[in-house]
Amino acid sequence: MKKYKNKTFAILAIDKELGGISSMIEHSTRVIASEAKEVNLFLLKGSATLEKIREVFISDTKVNIHEITYIDKFLFNLGLLNLSIKKILLSVDYILFHNIKLINVLQKFNKIKPLFFFFHTDKYKHIKKFRYIEHIFTVNTKTRNIVNTYFNSNKAKYLPNCINTDTIEVQKLVSSNRKKLVVGAMGRLIEKKGFDFLINAFKNLSNVDLIIGGAGPIKEDLIKLSKKY
């Protein structure tokens with residue numbers, strides 16, 4: 001990060017709910033702000049992500065948080081920007097973003113500003129859009145290699161999701177029976193993650209312990225599903 005000292009950044013994301021992406025937004029912004037002169041963070045108005053990030057950086061004078069309205073988001077899909085957002089994006093040294101949908105509006109900056117994209121998934125249908133982006137961060141080495149092979153370049157770098165170990169509470173859940181196989185799974189406890197399928201798959205397996213770590217709105221449902229197993 002030393003090379004970015006005294007530089008200015010814009011970071012954009014349109015995620016509504018808290019999860020892995022919001023954690024990466026928080027941790028990456030903190031690291032960038034530790035060296036940069038200024039960070040302009042654009043987040044969706046009324047979202048849980050905005051409220052959480054605003055609370056985290058409330059006393060950080062280097063981080064300016066801006067609201068993306070639903071009208072702004074609609075304009076993004078059309079490749080348009082309101083003047084206030086455009087003015088800031090033109091003034092910064094680097095632009096980073098977390099959602100590929102934003103490429104519709106940001107691709108016009110690719111010849112005047114270095115663009116950085118955090119590729120949080122492995123949806124390969126999006127890769128062809130990366131031609132407008134100078135630097136890609138992937139969460140695994142397989143995706144990094146696929147992107148670099150596709151473009152015959154080294155534009156993709158491996159940057160795994162961040163975990164703040166200072167806030168993790170470790171609970172001893174592993175069976176004392178050392179002969180058992182122990183399988184661990186970690187993630188946000190929401191329906192699309194499929195933890196219910198995982199639990200059901202393990203119900204009929206003997207001599208195997210399944211440990212799930214995470215938080216989310218279906219936690220109590222998963223506890224009930226796994227009861228007596």
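Every condition in (1) out of contact with any strand residue (DSSP E or B) (no Cβ under 7 Å at 6 or more places or on another chain); (2) open to solvent by 60 Å² or more (accessible area, probe 1.4 Å); (3) in contact (Cβ under 8 Å) with a residue 24 or more places away in the chain is met by Met186 except one, and the failing one is (1). Need the failing condition index for Leu43 against (1) touching a helix residue (DSSP H, G or I) at 6+ places or on another chain (Cβ under 6 Å); (2) of a type outside the set (Gly, Ala, Ser); (3) over 30 Å from Gly216 (Cβ atoms), just the number. It fails just one condition, (3). When the range 191-216 is limited to residues that are open to solvent by less than 60 Å² (accessible area, probe 1.4 Å) and aromatic (Phe, Trp, Tyr), the one that is nearest to Lys180 (Cα to Cα) turns out to be Phe202.
Rundown of residues vs (1) closer than 15 Å to Thr8 by Cβ; (2) modelled with pLDDT of 95 or more, yes/no style:
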| site | (1), (2) |
| --- | --- |
| Val31 | no, no |
| Leu43 | no, yes |
| Ser59 | no, no |
| Ile88 | yes, yes |
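Of the residues making up the range 1-20, those that are part of a loop (DSSP other than H, G, I, E, B) and crowded, with 21+ Cβ neighbours inside 10 Å number 1.
Can you name every residue in the range 1-29 that is among the basic types (Lys, Arg) and touching a residue at least 24 places away in the same chain (Cβ under 8 Å)? If the condition is that a residue be among the basic types (Lys, Arg) and touching a residue at least 24 places away in the same chain (Cβ under 8 Å), then Lys2, Lys5, Lys7, Lys16 are the ones that fit.
Residue pairs whose Cβ atoms lie under 6 Å apart, sitting 6 or more positions apart in sequence or on different chains, and linking a residue in the range 106-128 that is at pLDDT 90 or above and assigned to a loop (DSSP other than H, G, I, E, B) to a partner that is β-branched (Val, Ile, Thr) and open to solvent by less than 90 Å² (accessible area, probe 1.4 Å), are Lys113/Ile95. In the range 189-207, the qualifying residues are those that are outside any helix (DSSP H, G or I) and in contact with a Leu (Cβ under 8 Å, 6 or more places away or on another chain), and the one that is farthest from Ile223 (Cα to Cα) is Asn207. When the criteria are applied in full, Asn99 fails the requirement of being under 29 Å from Lys193 (Cβ atoms) and open to solvent by 70 Å² or more (accessible area, probe 1.4 Å). Output the residues belonging to the range 21-78 that are surrounded by 16 or more Cβ atoms within 10 Å (Cβ to Cβ), in a helix (DSSP H, G or I) and small (Gly, Ala, Ser). Those that are surrounded by 16 or more Cβ atoms within 10 Å (Cβ to Cβ), in a helix (DSSP H, G or I) and small (Gly, Ala, Ser): Ser22, Ser23, Ser28, Ala33.
The values are calculated or read from the model by the stated rules, or taken from the named source; none is laboratory data. Keep in mind the model is a prediction, meaning the values are calculated, not measured. Every residue, glycine among them, receives a Cβ derived from its backbone with ideal geometry; neighbour counts consider all protein chains shown. Surface areas here come from the heavy atoms of the whole protein model, side chains and all, with no ligands, DNA or RNA. Shrake-Rupley method; radii C 1.70, N 1.55, O 1.52, S 1.80 Å.
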